[in-house]
1. Collect the residues in region 146-163 that are farther than 19 Å from Gly254 by Cα and among the β-branched types (Val, Ile, Thr), keeping them in residue-number order.
2. Could you figure out which of (1) touching a Lys or Arg at 6+ places or on another chain (Cβ under 9 Å); (2) surrounded by 18 or more Cβ atoms within 10 Å (Cβ to Cβ); (3) outside any loop (DSSP other than H, G, I, E, B); (4) at pLDDT 80 or above isn't true of Gly309?
3. Can you name the residue in region 87-136 that is of a type in the set (Gly, Ala, Ser) and more than 19 Å from Ala177 (Cα to Cα) and, of all such residues, is farthest from the chain's Cα centre (by Cα)?
4. Let me confirm something: among Leu65, Leu6, which residue is farther than 21 Å from Val190 by Cβ, within 18 Å of the chain's Cα centre (by Cα) and either surrounded by fewer than 22 Cβ atoms within 10 Å (Cβ to Cβ) or at pLDDT below 95 (or both)?
5. List the residue pairs whose Cβ atoms are under 7 Å apart, where the first residue sits in region 107-136 and is in contact (Cβ under 8 Å) with a residue 40 or more places away in the chain and more than 16 Å from Leu29 (Cβ to Cβ), the second is surrounded by fewer than 18 Cβ atoms within 10 Å (Cβ to Cβ) and of a type in the set (A, V, I, L, M, F, W, C), and the two are 6 or more positions apart or on different chains.
6. Run down Thr266, Thr271, Thr204, Thr224 and say which single residue is among the polar types (S, T, N, Q), in contact (Cβ under 8 Å) with a residue 40 or more places away in the chain and farther than 30 Å from Arg327 by Cβ.
7. Would you check if there is a residue in region 135-147 being in contact with a His (Cβ under 8 Å, 6 or more places away or on another chain), surrounded by fewer than 19 Cβ atoms within 10 Å (Cβ to Cβ) and in a loop (DSSP other than H, G, I, E, B)?
8. Testing Val209 on (1) within 28 Å of Thr155 (Cα to Cα); (2) in contact (Cβ under 8 Å) with a residue 60 or more places away in the chain; (3) not in a loop (DSSP other than H, G, I, E, B), one condition comes back false. Which one is that?
Amino acid sequence: MQNHPLPFHERKGNLHNLRDHFKSKMKTLVTGTTGFLGSAIARELILSGRTVKVLVRQGSDLRNLSGLDVEVVHGDLRDPDSLARALDKCDTLYHAAAYYSLWSRDRKMVYDINVTGTRNILDAARQADLQRIVYTSTVGCIGLTGNGTPGDETTPFNEATLCNDYKRSKWEAEQVALEFAQNGLPVVIVNPSAPVGPRDIKPTPTGKVIQDFLNGNMPAYLDTGLNLIDVRDCARGHLLAEERGKVGERYILGNRNMSLKEILDTLSKITGIPAPKVQMPYWVAYTAGWVCDAVSNVITHKPPAVPLGGVKMAKYHMYFDASKAVRELGLPQNPVKQALSDAVHWMREHGLAR
């Protein structure tokens with residue numbers, strides 16, 4: 001399980017057990033494929049021999065789908081008719097799409113896409129009589145222990161940790177998925193931690209940490225922590241959840257718990273760039289986030305340089321135990337350092353970092 005991930009073109013056949021398992025000529029629909037994790041899921045499905053359809057909105061950036069043998073269908077999670085059309089001739093759905101932002105000028109849209117959109121597509125899946133659905137939630141919906149030890153799928157959840165619209169909307173969406181599962185829809189829920197690796201095109205908040213480090217925009221760090229996983233392992237975990245997961249259950253797709261300082265020190269070893277040595281007090285970061293959010297909301301109407309929602313999340317050490325997914329699904333645990341190195345190389349190669 002500790003082998004380095006092979007390049008995309010060399011990994012054909014690695015999921016031969018899934019190829020043998022799925023003989024249907026029906027298609028698999030994947031949402032969210034223009035993004036980081038969704039595009040990785042599409043790649044893993046293609047490697048396993050599946051016929052893949054991808055749901056994208058008109059005018060979307062399709063760079064992460066470049067060169068992939070997929071059928072592109074246009075639709076919107078807020079348009080139920082388009083979802084019914086997208087699921088035509090499909091027997092499986094991977095719902096990985098979400099409005100992922102720590103600040104939004106239109107807060108209502110966050111809930112319309114993440115919550116109502118999830119209900120819309122699961123209702124369409126029910127009407128299409130799909131055989132299997134994998135819903136991509138987040139570890140933000142997993143409870144925290146409060147004492148620094150990793151949380152797992154059984155850790156009691158505290159709604160006080162829902163510190164921004166993204167986290168609250170994803171928590172509400174997970175409740176929708178659980179509701180459908182309880183009513184007979186074959187939904188398996190996965191809770192990814194913080195994927196890292198190539199093709200973080202936007203980038204995600206975790207990818208932004210890497211980008212800021214590379215570009216010299218991180219003079220200090222906060223006392224916080226994350227659970228990281230190679231995005232390719234996380235994508236494979238989705239396929240394994242389809243094959244081996246139990247309906248209505250949740251599986252944390254994570255790997256290594258690392259403090260932010262440890263992440264930056266690792267990036268320093270990879271790149272030779274000195275890691276910041278100053279730890280910023282939380283109140284300083286909170287004040288900066290409050291000011292930046294206020295300026296964005298009232299004046300610029302553009303994303304804040306320091307989103308308050310992100311600062312609030314950083315108050316907690318987001319440490320998790322993925323042993324259930326490793327044990328029951330066979331979730332790979334390839335080295336996170338290699339995934340960070342791959343992310344650095346990809347960002348530099350594509351002009352996101354120097």
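1. Matches in region 146-163: Thr161 only.
2. (4)
3. Pass one, region 87-136, residues of a type in the set (Gly, Ala, Ser): 96-98, 101, 104, 117, 124-125, 128.
Now drop any that are not more than 19 Å from Ala177 (Cα to Cα), which leaves 101, 104.
Values: Ser101: 12, Ser104: 18 Å.
Looking at the filtered set, the residue picked out is Ser104.
4. Numbers: Leu6 fails: within 18 Å of the chain's Cα centre (by Cα).
Sole residue among the options that is farther than 21 Å from Val190 by Cβ, within 18 Å of the chain's Cα centre (by Cα) and either surrounded by fewer than 22 Cβ atoms within 10 Å (Cβ to Cβ) or at pLDDT below 95 (or both): Leu65.
5. As it stands, the answer is none, since no pair meets every condition given.
6. Working: Thr266 fails: farther than 30 Å from Arg327 by Cβ; Thr204 fails: farther than 30 Å from Arg327 by Cβ; Thr224 fails: farther than 30 Å from Arg327 by Cβ.
Exactly one of Thr266, Thr271, Thr204, Thr224 is among the polar types (S, T, N, Q), in contact (Cβ under 8 Å) with a residue 40 or more places away in the chain and farther than 30 Å from Arg327 by Cβ, namely Thr271.
7. No; the residues of region 135-147 include none that is in contact with a His (Cβ under 8 Å, 6 or more places away or on another chain), surrounded by fewer than 19 Cβ atoms within 10 Å (Cβ to Cβ) and in a loop (DSSP other than H, G, I, E, B).
8. Unmet for Val209, out of (1) within 28 Å of Thr155 (Cα to Cα); (2) in contact (Cβ under 8 Å) with a residue 60 or more places away in the chain; (3) not in a loop (DSSP other than H, G, I, E, B): (2).
The values are calculated or read from the model by the stated rules, or taken from the named source; none is laboratory data. None of these values were measured; they are calculated from a predicted model. When we count neighbours, we look across all protein chains shown, and the Cβ atoms used for this are built from the backbone with ideal geometry, even at glycine.
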